[in-house]
Structures are given as C-alpha cells and as structure tokens.
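Student: What follows is a structure written as structure tokens; I'll ask about it next.
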Amino acid sequence: MNLSHLPPLRETLAEQGLMAKKSFGQHFLLDLNVTGKIVRLAPSLAGHVVIEVGPGPGGLTRALIDSDAAHVIAVEKDARFLPLLNELAVAAQGRLSVIEGDALEVDEAALIAAHAPGLPGQIISNLPYNVGTPLLIKWLTGPYRPAAMTLMFQKEVAQRIAAPAGADAYGRLSVISQAIAEARIVMNLPARAFTPPPKVDSAVAQLVPRPDAPGEKIVAALEKVTAAAFGQRRKMLRSSLKLLGGDALCAAAGIDANARAETIPVSGFIALAQALLSR
C-alpha cells in the first residue's frame, strides 16, 4: 500500500502539539527510510500478522503497512496517539487494527484470534525503553511464542541479549534469550535518529525461536538458576548456587563448581536447570 498521501509525521506532531512522554519511555522513529529498513530486516512477513507495541505516531506502523504483512496489530497505551493511528487504519483499508492497552497485560494470542485468525505472528517494535526487557521475557517465556521478534532496545540491552559467554555484557538475559531463540543484533542506530534523541544509542535485536528450545519446566528452572548465579556473579558457582544444591548440583550437571557464572555457556546453564529438576 502506498501511504504517500499522508502528511509527514513531523508535520502532524507539530500541528497537534504532540510530544514524547518520558514516563512512557517514548522516543519516536520518524525517518521512514530507517523504519523501512527495520521491517526489511525481519524474516519474510508474507502471510504473517505483525504485532507492534508502542507505535506512537505510527512511523514504524507505516512501514509495516507498506510491507507484505497480511495484517498489523498496533498496541498503544498512550491515548493521545489513537486518533493518528485510527486515521492510519482507515488508510490501511482493513490491514491495521489499533488496540488501546498495556502490552504487558494484553493476550497476544487472543488479539490474533480476533483480528487475524489462523495466521502465524511476528513482533516488530521500537519498544518503549522502560518496558523493553519485561516484554521480551514475557514473549520468551509466556504462553504466546511469536514466530520471530525484531525489536529495538537501548544498545546496552541488545548487547546483553546477544552476548556470548565470557563477554562483559553476558548475563541472565543472554542465557534466557539464547536458550530459547537464536539472538543477534541486526542494526545499530545512533541517538540522533530518534525524536527526541535519547541519552544512549539503540540497536535492533532479532530473535527467532529454536526448534529445540527447552520446555516450560526447564525454562522455569533456568530462571531460578540464572537468578542465583548472576545475582552473585563474582562468586564461584558452589557459593552462588548453594541454596539450590551448590557442589552437588554442579556435579550432576557436569559443571565445574569453581567456575563463575559469566564463563558458563548457555548449554551449561540448561544442564544446571535439568539437574535442578531432577533433584
């Protein structure tokens, strides 16, 4: 669909006096060349429904509508932007559904069933900075598992998601993300690309679920093990995992109890989670 007849976003925001709210962690992407590139970095959208969280004035939404996606569902908490998004929905001729709500609370599977039943779903979003990590954990470990996620985070968070064992950024988020999905950084963006510019740079992380991802019980155990291990990351595992079994747990998993959390690969933490379940 060609949305070129719509006024430029900067012009629309200025006319309506709309500004980003710090309390919502808002930083808008208004450059349609950038938003178009983000959408093209995602796996094929043909035959998919895309859920977008925090669309704001709709810069990324426009690019999604211009893509091959069968349908787009935009979830926006800030009611100020609903009129703009609803205008966009009219222009999209039935391919955009606008939902007012908190993405931490919405039922994504129910949204797809209501607006695009039977279609596989992807999530593509410039996530609000203050809820990016909780949303990622929700989509990784909750009942709804998207076919792929292409998500904008603060660069530091994206680096934590994709970091290998031994890297400074490697931690609990790295382990959980990489145990469940193939995770990589596909794009970096400087602060000046946003309106208003944040104090830090940003990056787009892409996560595609692994076919051999651990099941719900192992993921729950993995969350316990990583919380303990990285909660005291300077300590050896025999100490940081003491309440979960310490030496015995490490021995059962074939892990050196003298090692520290940041040196253990994802496979090692999965082994620890399996051992915890077997106790």
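The values are calculated or read from the model by the stated rules, or taken from the named source; none is laboratory data. Everything quoted here is computed from the prediction, not taken from an experiment. Neighbour counts run over all protein chains shown; Cβ positions are idealised from the backbone, glycine included.
Student: Under the condition of being charged (D, E, K, R) and at pLDDT below 95, which residue from the range 186-216 is surrounded by the most Cβ atoms within 10 Å (Cβ to Cβ)?
Tutor: Restricting to residues being charged (D, E, K, R) and at pLDDT below 95, the top hit is Asp201.
Student: Name the residue, out of Ser97, Ser44, that is in a strand (DSSP E or B) and free of Cβ contacts under 8 Å to residues at least 60 places away in the same chain.
Tutor: The conditions single out Ser97.
Student: Quick check, is Pro143 at pLDDT below 95, surrounded by fewer than 22 Cβ atoms within 10 Å (Cβ to Cβ) and within 27 Å of Val106 (Cα to Cα)?
Tutor: Taking the combined requirement at face value, the residue satisfies it.
Student: Turning to a different aspect of this structure: Can you name the number of the only condition in (1) modelled with pLDDT of 90 or more; (2) under 21 Å from Leu207 (Cβ atoms); (3) of a type outside the set (D, E, K, R); (4) touching a helix residue (DSSP H, G or I) at 6+ places or on another chain (Cβ under 8 Å) that Ile99 fails?
Tutor: Here Ile99 clears every test but (2).
Student: What residue, among those in the range 239-249 that are in a helix (DSSP H, G or I) and under 18 Å from Ala179 (Cβ atoms), is nearest to the chain's Cα centre (by Cα)?
Tutor: Across the range 239-249, the extreme among qualifying residues is Leu244.
Student: One residue is enough: does the range 239-249 have a residue meeting the conditions under 23 Å from Asp212 (Cβ atoms), surrounded by 16 or more Cβ atoms within 10 Å (Cβ to Cβ) and of a type in the set (S, T, N, Q)?
Tutor: no
Student: Surrounded by fewer than 18 Cβ atoms within 10 Å (Cβ to Cβ), within 18 Å of the chain's Cα centre (by Cα) and within 30 Å of Leu222 (Cβ to Cβ), is that true of Gly101? Walk me through how you get there before you give the answer.
Tutor: Details: surrounded by fewer than 18 Cβ atoms within 10 Å (Cβ to Cβ): yes; within 18 Å of the chain's Cα centre (by Cα): yes; within 30 Å of Leu222 (Cβ to Cβ): yes.
For Gly101, the condition - surrounded by fewer than 18 Cβ atoms within 10 Å (Cβ to Cβ), within 18 Å of the chain's Cα centre (by Cα) and within 30 Å of Leu222 (Cβ to Cβ) - is met.
Student: Now a separate question. Looking only at residues that are in contact with a Ser or Thr (Cβ under 9 Å, 6 or more places away or on another chain) and in a helix (DSSP H, G or I) in the range 227-238, which one is surrounded by the most Cβ atoms within 10 Å (Cβ to Cβ)?
Tutor: In this case the residue turns out to be Ala229.
Student: Against the condition of a type in the set (A, V, I, L, M), surrounded by 20 or more Cβ atoms within 10 Å (Cβ to Cβ) and not in a strand (DSSP E or B), how does Ile73 come out, does it pass?
Tutor: no
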